[in-house]
Amino acid sequence: MPLKPDQFAPLDPGIAQYLIDQLAPVDGDHLLALPFMPEDKRAGALSILAFTAELREVPLRVTDPLLGAIRLEWWREALEEVFGNRPARRHPLVIALQTTLSSHPPLKPLLSEVIEGTALFLEAGEVTTPEEALGLFKVHDGARSGLLYHYLTMAQQGEERRHLFERAGALYGLSRAVLNLRPQDIRAPKEIETPAARYHRAAASRSFSPELIEHYQSLWRSIGSLTAEEAAIAAPLKWARPYLSEKKLSPLQKRLSLFWTVLRGR
């Protein structure tokens, strides 16, 4: 069952509901996984999900790279407030980050990387290989998995394992984009191209799919057995395999998959 906004202490229920409402249309898969995360870490996990989703939307919303750059500078300043001594601005997500993550300073550089990586989407560029496509989706979807891994496990298994989860997250993000790509998203390049086109070019490279499916299988062999904390992060990432084949999963299929992944640890 979905969690209620009063089940994300120490977040104010109103702020928790705001974050849930923002996430529901863009990252429903990971919302489904929240009940399987440790109760004392759910509020922080929700804040991480909302932050990476917010930054991912920046290049999708702006038509002028300059406007995107201004928005990123706003988030740089906000992050300094979250982990500094100055009062944080009265934005629901900034308040959530300060409430849940300010006592975990090792997360700050990882959150900053998301902001700096987003700036890459404000520049034109071609996507010609699977590695380049995965690199684009590592910025947000990969970072989300890495941040969750660091926060939920306290980095007990080391950086190398976190990087495996980042790669799995990037593959998941690309697979979601492939699944949701619309015909109108694939147009001939214009003289002035919107930042969002970089996502669309990567997702439109369907010829990558066979190679990416093979990569998926190799990646999960490397990840192997999962701890309880890892399983809650990994369960949605496993859906990259059907998504790459453009197969949608019903809510019931997703809930069963989550349950079995957490129960079996694989």
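The values are calculated or read from the model by the stated rules, or taken from the named source; none is laboratory data. Quantities reported herein were computed from a predicted structural model and do not represent experimental measurements. Quick reminder, even Gly has a Cβ in these numbers, built from the backbone with ideal geometry, and neighbours come from all protein chains shown. For accessibility, only protein heavy atoms count, side chains too; no ligands or nucleic acids. Shrake-Rupley method; radii C 1.70, N 1.55, O 1.52, S 1.80 Å.
Looking across 42, 56, 89, one residue alone is surrounded by fewer than 19 Cβ atoms within 10 Å (Cβ to Cβ), in contact with a helix residue (DSSP H, G or I) (Cβ under 8 Å, 6 or more places away or on another chain) and not hydrophobic (A, V, I, L, M, F, W, C). It is 89.
Confirm whether residue 229 is modelled with pLDDT of 70 or more, in a helix (DSSP H, G or I) and over 27 Å from residue 150 (Cβ atoms). Before the answer, list the steps.
On the way: modelled with pLDDT of 70 or more: yes; in a helix (DSSP H, G or I): yes; over 27 Å from residue 150 (Cβ atoms): no.
Spelling it out, it is not the case that residue 229 is modelled with pLDDT of 70 or more, in a helix (DSSP H, G or I) and over 27 Å from residue 150 (Cβ atoms).
Taken over region 106-118, residues that are open to solvent by 10 Å² or more (accessible area, probe 1.4 Å) and at pLDDT 95 or above amount to 6. Pairs are defined by a Cβ separation below 7 Å, a sequence spacing of at least 6 or placement on different chains, a first member in region 18-31 that is under 17 Å from residue 174 (Cβ atoms), and a second member that is in a loop (DSSP other than H, G, I, E, B); the pairs so defined are 29/239.
Just one residue in the set 252, 164, 179 is over 23 Å from residue 110 (Cα atoms) and at pLDDT 90 or above; that residue is 252. Here region 182-207 is the region considered, the condition is being out of contact with any helix residue (DSSP H, G or I) (no Cβ under 7 Å at 6 or more places or on another chain) and among the hydrophobic types (A, V, I, L, M, F, W, C), and the residue that is modelled with the lowest pLDDT is 192.
For region 151-163, what are the residues that are assigned to a helix (DSSP H, G or I), touching a residue at least 12 places away in the same chain (Cβ under 8 Å) and surrounded by fewer than 20 Cβ atoms within 10 Å (Cβ to Cβ)?
If we filter region 151-163 for residues that are assigned to a helix (DSSP H, G or I), which is where we start, we get 151-153, 159-163.
Those still in the list that are touching a residue at least 12 places away in the same chain (Cβ under 8 Å) too: 151-153, 161-163.
The answer is 153, 161, 162, 163.
The test for being in contact with a Pro (Cβ under 6 Å, 6 or more places away or on another chain), buried (at least 20 other Cβ atoms within 10 Å of the Cβ) and at pLDDT below 95 holds for residue 121.
Could you tell me how many of the residues in region 209-226 are assigned to a helix (DSSP H, G or I) and open to solvent by 60 Å² or more (accessible area, probe 1.4 Å)? Show your work before the answer.
Residues of region 209-226 that are assigned to a helix (DSSP H, G or I), as a first pass: 209-223.
Then drop every residue that is not open to solvent by 60 Å² or more (accessible area, probe 1.4 Å), which leaves 210-211, 214, 217, 221-222.
Going through region 209-226 one residue at a time, the tally reaches 6.
Specify which of the listed residues (63, 99) is closer than 18 Å to residue 150 by Cα and either in contact with a helix residue (DSSP H, G or I) (Cβ under 9 Å, 6 or more places away or on another chain) or modelled with pLDDT under 90 (or both). Of 63, 99, the one residue that is closer than 18 Å to residue 150 by Cα and either in contact with a helix residue (DSSP H, G or I) (Cβ under 9 Å, 6 or more places away or on another chain) or modelled with pLDDT under 90 (or both) is 99.
Determine which member of the set 56, 71 is in contact with a Ser or Thr (Cβ under 8 Å, 6 or more places away or on another chain) and not in a loop (DSSP other than H, G, I, E, B). Quick ask: steps written out before the conclusion?
On the way: 71 fails: in contact with a Ser or Thr (Cβ under 8 Å, 6 or more places away or on another chain).
Exactly one residue qualifies, and that residue is 56.
Scanning region 246-265 for residues that are of a type in the set (S, T, N, Q) and in a helix (DSSP H, G or I) returns 253, 257, 261.
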